[in-house]
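Notes follow the structure.
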Amino acid sequence: MRMTEIVLRHAENTAEITACFPVMVLLRPHLASADEFAARVARQHAAGYRLLVAWRDGMPVGPAGYRVEENLIHGRFVYLDDLVTSEGERRHGIGALLLEAVAVEGRRLGCSRLVLDTALERVAAQRPCARVIERDLAADPPPHPDLELYEAILSPTPDDDPRFALSEQMIAELEAADFVVIGTPMNNFTVPSTLKAWIDHIVRIRRTFRSTPAGKIGILHDRPLIVVSAHGGYCGDAPGQPDFLTPYLRAVFETIGIRSAEFLRLEGLARGPEAVARALDHANSWMECRLPQLLG
């Protein structure tokens, strides 16, 4: 069977937006009806939300909702709210086409980066009253621990010592969280140095773990931890690359008491649009299946 060409264009009227509902509801199952979906899009449109759609034979097979924003963390950026393809169109590269098209549109509008918080947004969607604490380690990298901090850590220093100020702030954010979502690339087979610096501030003897003759015992209470990692290549057997990120993060969070860790790997992101589409499809499938189980 010969498939017709995909056309990318924005949904510009109520009829076109409503036609996207059967696909969008795969991503946002809480939407009760096509009318509710169209009304929400109309309200968000006033705040800059746009719906870029992949059309085949006049039918929507993949909507991508995005908006341009600006804040002190990212500057001016394009934020991808929604990205989903119909079940019959997956693995055809539509997700990659939409992602690239949104990025191009963002650059045209003067945006310096594309921001995707899919896992975080899905957690927040299932907990609509939740307060989100965001720490962007790329835009605001924490300092690596210095000699003064290590001297304080290795001595019986009270927690209110000024040398612990940043460490206490980061630990307090972690303690307040019911769910933790980490999005990170894998750099040289492991975590980036900025994430390692954050870890060095939160993994602190007598504060987040105790050292005993039986080994380290975590002090923090357990909670779901979701790690979404981005990989340019593929992990595992040849021709894959080693993955030290996953076992390291699992071990380090177990050290402080967080044992309920889940890992979602997006692999092959430097291997072309088809590989990106497969990674996005895998991520969507994982989140549709696994997140409801984790969040109860």
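The values are calculated or read from the model by the stated rules, or taken from the named source; none is laboratory data. Just so it is clear, the model here is predicted, and its values are computed rather than measured. So basically every Cβ, Gly included, is an ideal-geometry build from the backbone, and we count neighbours across all protein chains shown.
Need a quick list: strands (runs of 3 or more DSSP E) entirely within region 179-252 having at least 3 residues that are in contact (Cβ under 8 Å) with a residue 60 or more places away in the chain and out of contact with any helix residue (DSSP H, G or I) (no Cβ under 6 Å at 6 or more places or on another chain).
180-185
Quick one: which of Ala54, Ala96, Ala39 is of a type in the set (Gly, Ala, Ser) and surrounded by fewer than 20 Cβ atoms within 10 Å (Cβ to Cβ)? I'd like the intermediate steps shown before the answer.
On the way: Ala54 fails: surrounded by fewer than 20 Cβ atoms within 10 Å (Cβ to Cβ); Ala96 fails: surrounded by fewer than 20 Cβ atoms within 10 Å (Cβ to Cβ).
It is Ala39.
Among the charged types (D, E, K, R) and not in a helix (DSSP H, G or I): does that describe Glu288? Considered against the rule, which asks whether it is among the charged types (D, E, K, R) and not in a helix (DSSP H, G or I), Glu288 comes out as no. Would you say Thr157 is in the same structural domain as Ala270 (by TED's automatic domain parsing), among the hydroxyl-bearing types (Ser, Thr, Tyr) and either touching a residue at least 12 places away in the same chain (Cβ under 8 Å) or part of a helix (DSSP H, G or I) (or both)? For Thr157, the condition - in the same structural domain as Ala270 (by TED's automatic domain parsing), among the hydroxyl-bearing types (Ser, Thr, Tyr) and either touching a residue at least 12 places away in the same chain (Cβ under 8 Å) or part of a helix (DSSP H, G or I) (or both) - is not met. So, of the residues in region 98-121 that are under 19 Å from Arg278 (Cα atoms) and charged (D, E, K, R), which turns out to be modelled with the highest pLDDT? Taking the candidates together, the pick is Glu100. What number of residues within region 3-52 satisfy the criterion of being of a type in the set (D, E, K, R) and in a loop (DSSP other than H, G, I, E, B)? Counting residues in region 3-52 that are of a type in the set (D, E, K, R) and in a loop (DSSP other than H, G, I, E, B) gives 3.
With the condition kept exactly as written, say whether any residue in region 124-140 is modelled with pLDDT of 90 or more, more than 18 Å from the chain's Cα centre (by Cα) and either more than 28 Å from Gly232 (Cβ to Cβ) or surrounded by 12 or more Cβ atoms within 10 Å (Cβ to Cβ) (or both). Please lay out each step first, then the result.
Restricting attention to region 124-140, the residues satisfying the condition of being modelled with pLDDT of 90 or more are 137.
From what is left, the residues that are more than 18 Å from the chain's Cα centre (by Cα) are none.
No, every residue in region 124-140 fails to be modelled with pLDDT of 90 or more, more than 18 Å from the chain's Cα centre (by Cα) and either more than 28 Å from Gly232 (Cβ to Cβ) or surrounded by 12 or more Cβ atoms within 10 Å (Cβ to Cβ) (or both).
Going by the structure shown, is Glu168 part of a helix (DSSP H, G or I), modelled with pLDDT of 90 or more and within 16 Å of Ile202 (Cα to Cα)? It is true that Glu168 is part of a helix (DSSP H, G or I), modelled with pLDDT of 90 or more and within 16 Å of Ile202 (Cα to Cα).
Test Pro192 against the criterion of being within 21 Å of Asp140 (Cβ to Cβ) and either surrounded by fewer than 17 Cβ atoms within 10 Å (Cβ to Cβ) or not basic (Lys, Arg) (or both), and give yes or no. Spell out how you get there, then give the answer.
Working: within 21 Å of Asp140 (Cβ to Cβ): yes; either surrounded by fewer than 17 Cβ atoms within 10 Å (Cβ to Cβ) or not basic (Lys, Arg) (or both): yes.
Here the answer is yes, as Pro192 does meet what is asked.
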